[in-house]
Amino acid sequence: MLNTTSKQMSELVITTKDDLEKMLRNILLQIATPSNGTFDDKGERLNQKQAAEYLGITEATLIRWKKQGRVPCEQLPGSSKVTYFKSQLKAAMQRNPVIHKS
């Protein structure tokens with residue numbers, strides 16, 4: 001006799017490498033969002049230029065600090081796109097007095 005509560009269904013999904021990479025990027029971006037699952041998409045996400053302006057530093061300094069691990073950012077492996085979050089930058093500024101907003 002089959003127990004319907006213990007049935008497991010498997011599904012084979014065939015997709016292209018590009019589609020798989022897109023799906024994984026979307027999953028990683030969802031995981032990278034703040035734990036409450038919400039953020040102000042209009043003002044929270046910053047690109048590199050915006051993050052440098054927010055901190056009152058040059059982009060070159062921001063890149064150097066990113067490489068040194070002084071500022072948090074999100075960057076998918078193999079991607080050149082870097083995303084910063086104001087809340088993370090603000091927390092980093094509070095922890096490290098060298099990082100300051102002018």
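Return the only residue of ALA52, ALA32, ALA60 being among the aliphatic types (A, V, I, L, M) and at pLDDT below 90. Before you say what the answer is, go through the steps one by one.
Details: ALA52 fails: at pLDDT below 90; ALA60 fails: at pLDDT below 90.
When all the criteria are applied, what remains is ALA32.
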Residue pairs qualifying under the 9 Å Cβ cut-off, at least six apart or on distinct chains, with the first in segment 58-83 being at positive phi and the second being modelled with pLDDT under 90 and surrounded by 11 or more Cβ atoms within 10 Å (Cβ to Cβ), are GLY78/GLU21
Checking ARG45 against (1) within 13 Å of the chain's Cα centre (by Cα); (2) at pLDDT below 80, the condition it does not meet
(2)
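Does segment 60-86 hold any residues that are surrounded by 13 or more Cβ atoms within 10 Å (Cβ to Cβ) and in a helix (DSSP H, G or I), and which are they? Please lay out each step first, then the result.
Restricting attention to segment 60-86, the residues satisfying the condition of being surrounded by 13 or more Cβ atoms within 10 Å (Cβ to Cβ) are 61-66, 70-76, 82-86.
Result: THR61, LEU62, ILE63, ARG64, TRP65, LYS66, LYS86.
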Looking at TYR54, is it crowded, with 16+ Cβ neighbours inside 10 Å and part of a helix (DSSP H, G or I)?
yes
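The values are calculated or read from the model by the stated rules, or taken from the named source; none is laboratory data. Source: prediction; values computed, not measured. In this analysis, Cβ positions are derived from the backbone assuming ideal geometry, glycine residues included, and neighbour counts consider all displayed protein chains.
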